[in-house]
Amino acid sequence: MSPSRIAWVVAGMIALFVGVPPFSAAQAAALKGIETGDLDRTADPCNDFYAFANGTWRAKNPIPKGEQRWSRRTAGRETNRRQLRELLQELAAKADRPRGGVEQQLGDYFASCMNGPAFKNEARARRAAICLESTEALLGEPLGRAYAERHFPPAAKAKVQEIVRNLLAVLKDDLGELQWMSETAQQQALAKVAAFEVLVGYPDAWTDTSALVIRRDAFWANVEAARRFSVETDRKRMGESTSRAVWQLPPSSPGAYIDIQLNMMGLPAGFLQEPAFDLAASDAVNYGAIGISLAHDLTHAIDALGRDFDSTGQPRNWWTKADFDAFQNVGQCTVDQYDGYEIEPGVHLDGKQVLGEALGDLAGVRLAYRALERSMQSHPVPEIDGFSPEQQFFIAWGQFRGAAESLELQRQMVKSDPHPTAKYRVIGPLSNAPEFQQAFGCKAGAALVRPPEKRCGIW
Ligand SMILES: [Zn+2]
């Protein structure tokens, strides 16, 4: 390095320090970090990161009877249902709201269902669950609107859209540097990434439902009115918007979807909740949870799943034979890595079976990390609870993806599930990341440190 170059670097560092003042304790306190109560601090992150990240949560939250798997994500789905029931019960408690408003329609529809003749013999709680499903199916937009007002403000939508933009930008850069993919396939992949659409939270414009008449005392008439209204709305929409603009799940749904053919993803507001996303949490935590998860899904648009459709949705395999062979070649490293993982003595994961999903996780961690770095250039993240931004990112992944899975379920998974078991979805990609080793000061020989010559990569 020439002296003039060193001077430039030093000047650059000074500029960086001037431009980005250290955080005050108050600023850091305002942001939520990782779930410190879930950590098992007796575990060594370099050797048993899975226990370190969520060991205490698993110890305190045994798998409920009748379930095979339990996690903060599954608990989050129950929170979603409870929040929606509470919202509807609250709206239903007040009669005589102005006609045609979203709150009147939701409250009176729910009341007509709860008090109606439809489910005479159902217990109250069971009936509330059914009436919620019915409201969600028939008044999806009004319910999504009322739900988003409480649980997914515009700032949350903007933040998730920003995360998506950063992920797509990083993926685009990465594709340009790919060694194994042919030039032609790279162009196709870039076109798909450029055309990829992500619906976030709720529609940009709500359908005007004020003409829909919902009565407090007429459940079946309400069902019919709502159905007719929905058919008419669909008919008016025909021709004026693409099928990509139509939400396949209501905004209140705790699920998300990826449509490989339409080259898009839908992320309802009900899905963009803890532990996936939290507006109050640091960027490092959000990039480690929803960020990695979304980056994983984005790579499906261009991987062995997405290669069957081009950027316009036409069924056309745009990988060449050389791309396919090269993919197999690069992927062998990951096949070997997962073949080496076992769920009990002698019972191994099947590397070939989980290859596509394991590669998605590997790419997801890498892309989300780079997207976070990009974001931190203008929006730095403070140390929180003694954890650096990088540590927060990796721990967030362990806490988001971590799950208690019964041994029975794990035995089924290694036979037929394309996903690795939860533990290996967490530590598999991290053990390939030098950034992880650096963040936790892990030394060569530790379980989470794959030697450089065995380190796997793909996108
Ligand atoms: Zn996947």
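The values are calculated or read from the model by the stated rules, or taken from the named source; none is laboratory data. Just so we're clear, the structure is a prediction, and the values are computed from it rather than from any experiment. A quick note on method: Cβ atoms are made from the backbone with ideal geometry, for glycine too, and the neighbour counts reach across all protein chains shown.
Scanning the stretch 292-313 for residues being in a strand (DSSP E or B) and either within 11 Å of the ligand (Cβ to nearest atom) or charged (D, E, K, R) (or both) gives a total of 0. When 272, 267 are screened for being at pLDDT 95 or above, crowded, with 20+ Cβ neighbours inside 10 Å and within 16 Å of the ligand (Cβ to nearest atom), only 267 passes.
Would you mind stating whether residue 222 is outside the structural domain of residue 321 (by TED's automatic domain parsing) and either polar (S, T, N, Q) or closer than 30 Å to residue 72 by Cβ (or both)? Spelling it out, residue 222 is indeed outside the structural domain of residue 321 (by TED's automatic domain parsing) and either polar (S, T, N, Q) or closer than 30 Å to residue 72 by Cβ (or both). Out of 239, 255, one residue alone is at pLDDT below 95, part of a loop (DSSP other than H, G, I, E, B) and either assigned by TED's automatic domain parsing to the domain that holds residue 214 or under 11 Å from the mean Cα position of the chain (by Cα) (or both). It is 239. Here the condition is being assigned by TED's automatic domain parsing to the domain that holds residue 48, in contact with a Phe, Trp or Tyr (Cβ under 9 Å, 6 or more places away or on another chain) and in contact (Cβ under 8 Å) with a residue 12 or more places away in the chain; of 442, 456, it holds for 442 alone. Test residue 320 against the stated conditions and say whether it is polar (S, T, N, Q), in contact (Cβ under 8 Å) with a residue 60 or more places away in the chain, within 16 Å of the ligand (Cβ to nearest atom) and assigned by TED's automatic domain parsing to the domain that holds residue 447. It is false that residue 320 is polar (S, T, N, Q), in contact (Cβ under 8 Å) with a residue 60 or more places away in the chain, within 16 Å of the ligand (Cβ to nearest atom) and assigned by TED's automatic domain parsing to the domain that holds residue 447. Of all residues in the stretch 163-184, those satisfying the criterion of being of a type outside the set (Val, Ile, Thr), surrounded by 16 or more Cβ atoms within 10 Å (Cβ to Cβ) and at pLDDT 95 or above are 166, 167, 168, 171. Of the helices (runs of 4 or more DSSP H) lying entirely inside the stretch 393-459, those containing at least 2 residues that are among the aromatic types (Phe, Trp, Tyr) are 434-440.
Looking at (1) surrounded by fewer than 21 Cβ atoms within 10 Å (Cβ to Cβ); (2) over 23 Å from residue 328 (Cα atoms); (3) within 16 Å of the ligand (Cβ to nearest atom); (4) of a type outside the set (A, V, I, L, M), which one does residue 411 not meet, given that it meets all the others? Failed condition: (3).
If you check 355, 367, 362 for being part of a helix (DSSP H, G or I), more than 17 Å from residue 289 (Cα to Cα) and within 16 Å of the ligand (Cβ to nearest atom), only one passes: 355.
At least 2 residues being over 30 Å from residue 318 (Cα atoms) and without any contact (Cβ under 8 Å) to a residue 12 or more places away in the chain is the threshold, and among the helices (runs of 4 or more DSSP H) wholly inside the stretch 82-196 those reaching it are 124-138, 154-177. Return the total of residues in the stretch 337-355 being crowded, with 16+ Cβ neighbours inside 10 Å and either modelled with pLDDT under 95 or among the charged types (D, E, K, R) (or both). So the answer is 1.
Rundown of residues vs (1) within 16 Å of the ligand (Cβ to nearest atom); (2) in the same structural domain as residue 358 (by TED's automatic domain parsing); (3) closer than 30 Å to residue 159 by Cα, yes/no style:
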residue	(1), (2), (3)
278	no, yes, yes
290	yes, yes, yes
315	no, yes, no
334	yes, yes, no
